[in-house]
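The values are calculated or read from the model by the stated rules, or taken from the named source; none is laboratory data. Just so you know, these numbers come straight off a predicted model, no measurement behind them. FYI the Cβ positions are ideal-geometry reconstructions off the backbone, even for glycines, and counts take in every protein chain you see.
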């Protein structure tokens, strides 16, 4: 299927690994000139992207600067993927509400909500001029916060509503805004024992490898497996494409049937 995005430009945040890297690779394979932004640039991202930017997107200045760099590198932005999220291991704490201070909440919201707001505001003039599209990568935790690190589900829920608001405002001006909400994926957030997956394994008192094997059953994933980053990336690419020309303000869940509500 020709997605009709060859020759366009895209800024993808949080692009160094996992879903972000898969999005960068998928868009590049469709002929998109990708600017990949991440705190730490990986060789895999350098190979996939037309340009890379090392940046801390949890700050307003970082978000503005990455858009300036993207505009300089590719001349304009057609497509924006606000994928950066989760956070460093300390921010992804499994402590309860009473054990989580204001500083942790602020860090989680800066990265998972405000980074998307700041980046979008900076990129929007170019996107409006080109009649482009935006996809925000959220999480099923926005709908079911049980077990999520404190602040993470709340920030993703706010991100979902931010996307709805943007869509209402921008659809009449020719810009589409949609959301993709993955469930657990085979990305470093779960597969790296030093990140969230390792913390959850420790909390359950089980081996990390055993946790990954048991995760589909623990989470009630109907398909019996975690989502591959490439599957989420394919959905993002479709939503950015001309094939989704009348899809506005939607939240697409890709979780193997984890969420049970109709």
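Out of all the residues in segment 67-76, is one or more touching a residue at least 24 places away in the same chain (Cβ under 8 Å) and either over 24 Å from residue 176 (Cα atoms) or part of a loop (DSSP other than H, G, I, E, B) (or both)? Before you say what the answer is, go through the steps one by one.
Filtering segment 67-76 down to residues touching a residue at least 24 places away in the same chain (Cβ under 8 Å) leaves 67-71, 73-76.
Among the residues that remain, those that are also either over 24 Å from residue 176 (Cα atoms) or part of a loop (DSSP other than H, G, I, E, B) (or both) are: 75-76.
Taking every residue of segment 67-76 in turn, at least one turns out to be touching a residue at least 24 places away in the same chain (Cβ under 8 Å) and either over 24 Å from residue 176 (Cα atoms) or part of a loop (DSSP other than H, G, I, E, B) (or both).
Counting only residues that are touching a residue at least 40 places away in the same chain (Cβ under 8 Å) and part of a loop (DSSP other than H, G, I, E, B), which one in segment 176-218 is nearest to residue 143 (Cα to Cα)?
Keep residues of segment 176-218 that are touching a residue at least 40 places away in the same chain (Cβ under 8 Å), which gives 176-189, 194-196, 199-200, 203, 216.
From what is left, the residues that are part of a loop (DSSP other than H, G, I, E, B) are 183-184, 186-187, 194-195.
Numbers: 183: 11, 184: 14, 186: 20, 187: 21, 194: 26, 195: 22 Å.
Among residues in segment 176-218 that are touching a residue at least 40 places away in the same chain (Cβ under 8 Å) and part of a loop (DSSP other than H, G, I, E, B), the one nearest to residue 143 (Cα to Cα) is 183.
Checking segment 228-242 against the condition returns a match, with at least one residue being modelled with pLDDT under 95 and either more than 16 Å from the chain's Cα centre (by Cα) or part of a loop (DSSP other than H, G, I, E, B) (or both).
Can residue 56 be described as out of contact with any strand residue (DSSP E or B) (no Cβ under 9 Å at 6 or more places or on another chain), without any contact (Cβ under 8 Å) to a residue 40 or more places away in the chain, under 25 Å from residue 155 (Cα atoms) and not in a loop (DSSP other than H, G, I, E, B)? When the stated conditions are applied, residue 56 does not pass them. Residues in segment 102-144 that are under 17 Å from the mean Cα position of the chain (by Cα) and not in a helix (DSSP H, G or I): 133, 134, 135, 136, 137, 138, 139, 143. Considering each residue of segment 245-260 in turn, none proves to be in contact with a helix residue (DSSP H, G or I) (Cβ under 8 Å, 6 or more places away or on another chain) and part of a helix (DSSP H, G or I). Within segment 96-120, if we keep just the residues that are in contact with a helix residue (DSSP H, G or I) (Cβ under 8 Å, 6 or more places away or on another chain) and farther than 11 Å from residue 152 by Cβ, the residue that is surrounded by the fewest Cβ atoms within 10 Å (Cβ to Cβ) turns out to be 117. Scanning segment 14-35 for residues that are touching a helix residue (DSSP H, G or I) at 6+ places or on another chain (Cβ under 7 Å), in contact (Cβ under 8 Å) with a residue 60 or more places away in the chain, on the phi < 0 side of the Ramachandran plot and buried (at least 24 other Cβ atoms within 10 Å of the Cβ) gives 15, 19, 21, 22, 23, 26, 27.
Exactly one residue out of 169, 129 is more than 27 Å from residue 257 (Cβ to Cβ), surrounded by fewer than 21 Cβ atoms within 10 Å (Cβ to Cβ) and in contact with a strand residue (DSSP E or B) (Cβ under 9 Å, 6 or more places away or on another chain): that is 169. Just a yes or no: is a residue in segment 155-162 free of Cβ contacts under 8 Å to residues at least 40 places away in the same chain, assigned to a helix (DSSP H, G or I), surrounded by fewer than 17 Cβ atoms within 10 Å (Cβ to Cβ) and in contact with a helix residue (DSSP H, G or I) (Cβ under 7 Å, 6 or more places away or on another chain)? Within segment 155-162, not a single residue is free of Cβ contacts under 8 Å to residues at least 40 places away in the same chain, assigned to a helix (DSSP H, G or I), surrounded by fewer than 17 Cβ atoms within 10 Å (Cβ to Cβ) and in contact with a helix residue (DSSP H, G or I) (Cβ under 7 Å, 6 or more places away or on another chain).
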